[in-house]
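Notes to accompany the following structure.
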Amino acid sequence: MIDPTQTQSWQALTELAADRGDQRTVALFDRDPERATRYRLEAAGITLDYSKQRIDDDIRTQLAGLVAECGVEQARDAMFAGDHVNTSEDRAAWHVALRAPEAAPMYDEVHEIRHAMADFAQEVRAGQWRGFAGDAITDVVNIGIGGSDLGPRLICESLYTGDGPRPHFVANVDPHDLDDTLARLDPKTTLVIVTSKSFGTAETLANARVARQWLIDGGAGEGDVAKHFVAVSSNREKVSAFGIERMFGFWDWVGGRYSLWSAVGLSIELALGPDVFEALLGGAHAMDTHFREAPVEDNLPIWLALAGIWNNNFLDLTSHCVVPYAQRMANLASFLQQLEMESNGKSVTRDGQPTTVATVPTIWGSVGTNAQHAYFQMLHQGDLTVDLDFVLPLSDADQAGDEREVERVANCLAQAEALMCGRDSQALAEELKAEGLSGDALSHRLAARQFAGNRPSNMLVMDRLDAHHLGALIAAYEHKVFVQGIIWNVNSFDQWGVELGKTMAGKLVEDLNTAGTPSAHDASTAALLSRVRQRWQR
């Protein structure tokens, strides 16, 4: 395992950051009129413009050197080959096999499951799969959490047009999430997908049991459960015990946050159709091919990763904001929070030692243009510098004349420009003087309207918002995470940090459900437990 801080490139980047970390990007454009072209990459219908980053050619050379010195390309090839790159769990991380074409010599059983999903989706969408009262399915509820929810939810919300059963997603164990969803639905026409690899996820099973009872209360018999419930799982025994007959399996080398391409995407296929699901896989595979074959200098996911490493590790920008300028992609930041922070939120290296560098920054964000009227004030004038990804899907030509489309695109480009350029103080002073301001009033107004600029950002342009391009975008982010994990020397495919809280929650469930003496807890938790039990006893 390679300690990145001991590489020549890391040490050179440390020196460059001290010397040029505050260089103004506007000045880089002044010196290099071709910068916008040279710092732009395209792959699978996605364009990455990273020219607004505080990166010059010397920095770019050393960042590329990190890729070579840290063995990124060798690790990439091992992942694609199905090697056990998930070292702490001794398994592959082979999500790329899920979207490989059928002719690809990777894993035959993937295509068997894919065919079974397509056949089932066609049966449901054609009205051939019917509920206990003989009605066709009109609504599909996916019950899952984390990777069993966020990816399919993002895809369906981004692409659903009404041609197919309406998709609904329930993840939270808060009763209002499921109860409010079911209140809008008819049990006779509802199909529930219980998505849990182990079929033991506490939150998911609690919701599944309530949904099962809702079906029975709605007139179904115990033998009708199989008409309204299917499972995405690898635990046949538990699925059968629940009363579910139709199960779609997947494998231990499919990590939750990388699983939307597997049977976990069944809700996508039901709502959008097999052709759309295949286009989603095709877009991801196109980005896989680019990531695997493009040289480092032209490799879009690699530069998405390297720009993040430069900002996080050398400019100390530990907050990263993602702003999609598309209402249907409002959940992109939520999806990326799990993908990036669960993957690389580690402080232990792949060989079990403390990390020597900062790993993943805080990922957050929301949809533009709404964000401009919320936290963009802080982005422009706050004392915390944040780097951003702007995501801009383009519309087709027949929508270009829509006033709202023009506003959407203009606002996205304007925010990125304003964050980089800021406002010229001298020009602002002249403007305010022309308005009649002078003395203290001029000084105060001048100070209040200063924009420092030099806030770095990427612009990711999608040729359009469809399945192919959305698949390519998500795959690009997956590979970004992988590259950063290799350079930081962490395992991007385990998530042991999730386990402790879940184990402790199990003990607290027992304490909340019994009247006896609770198990040992810290003083704060014990007091809160007592407070809850007192309230419930009233």
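The residues D149, D32, D90, D139, when put in order of fewest to most other Cβ atoms within 10 Å, stand as D90, D32, D139, D149. Once both labels are positioned 7 Å from their Cα atoms along Cα-to-Cβ, the gap between A414 and R24 label points is 2.3 nm. On the beta carbon distance between R209 and D57, with R0 = 51 Å, the FRET formula returns roughly 0.30. Using only side-chain charges placed at the Cβ, +1 for Lys and Arg and -1 for Asp and Glu, the dipole size of region 200-257 relative to its Cα centre rounds to 120 debye. By Kyte-Doolittle mean hydropathy of at least -0.5 and Cα axial length of at least 24 Å, which whole DSSP H helices of the chain are selected? Both cut-offs are met by 274-293, 403-421, 467-488. When the chain is described by a simple charge dipole with +1 on each Lys and Arg Cβ and -1 on each Asp and Glu Cβ, the residue from A279, M117, F80 located farthest towards its positive end is M117. Of the options V170, N344, Y160, report the single residue whose Cα projects farthest towards the positive end of the charge dipole of the chain (beta-carbon charges: Lys, Arg +1; Asp, Glu -1). Checked the options; the winner is V170. Two numbers describe the Cα atoms of the chain: Rg and Dmax, which are 25.6, 83 Å. Across all directions, the shadow cast by the convex hull of region 37-168 built on its C-alpha atoms averages 13.0 square nanometres.
Legend: ranking of residues I486, I2, I145 from fewest to most surrounding C-beta atoms inside 10 Å; resulting order I2, I145, I486. Peptides 273-280, 510-517, 404-411, ordered by how many other C-beta atoms sit within 10 Å of their residues on average, highest first, read 273-280, 404-411, 510-517. Residue-normalised convex hull volume from the C-alpha trace of region 107-272: 102 Å³ per residue. Calculated FRET efficiency, E123 to D463, Cβ-Cβ distance, R0 = 35 Å: about 0.60 to the nearest 0.05. Listed by Cβ neighbour count within 10 Å, with the fewest neighbours leading, T25, T47, T195 appear as T47, T25, T195. Modelled spin-label separation between A81 and A505, with each label point placed 7 Å from Cα along the Cα-to-Cβ direction: 3.9 nm. Relative to the Cα centre, the charge distribution of region 380-538, modelled as +1 at Lys and Arg Cβ and -1 at Asp and Glu Cβ, gives a dipole magnitude of about 1060 debye. Ordering C70, L41, H95 by the projection of their Cα atoms onto the charge dipole of region 19-95, which places +1 on the Cβ of Lys and Arg and -1 on the Cβ of Asp and Glu, puts L41 at the extreme positive end. Here the ratio of the Cα radius of gyration of region 429-538 to 2.2 N^0.38 Å is 2.15.
Under a model in which nothing but the beta-carbon of Lys, Arg (+1) and Asp, Glu (-1) is charged, the chain shows a dipole of about 1420 debye around its Cα centre. Using a simple spin-label model with pseudo-atoms 7 Å out from Cα toward Cβ, E403 and R31 lie 4.5 nm apart.
Read-outs throughout are calculated quantities, based only on the coordinates presented, and are distinct from any laboratory measurement. Everything quoted here is computed from the prediction, not taken from an experiment. Ideal geometry is used to build each Cβ from the backbone, glycine not excepted, and the neighbour counts take in all protein chains shown.
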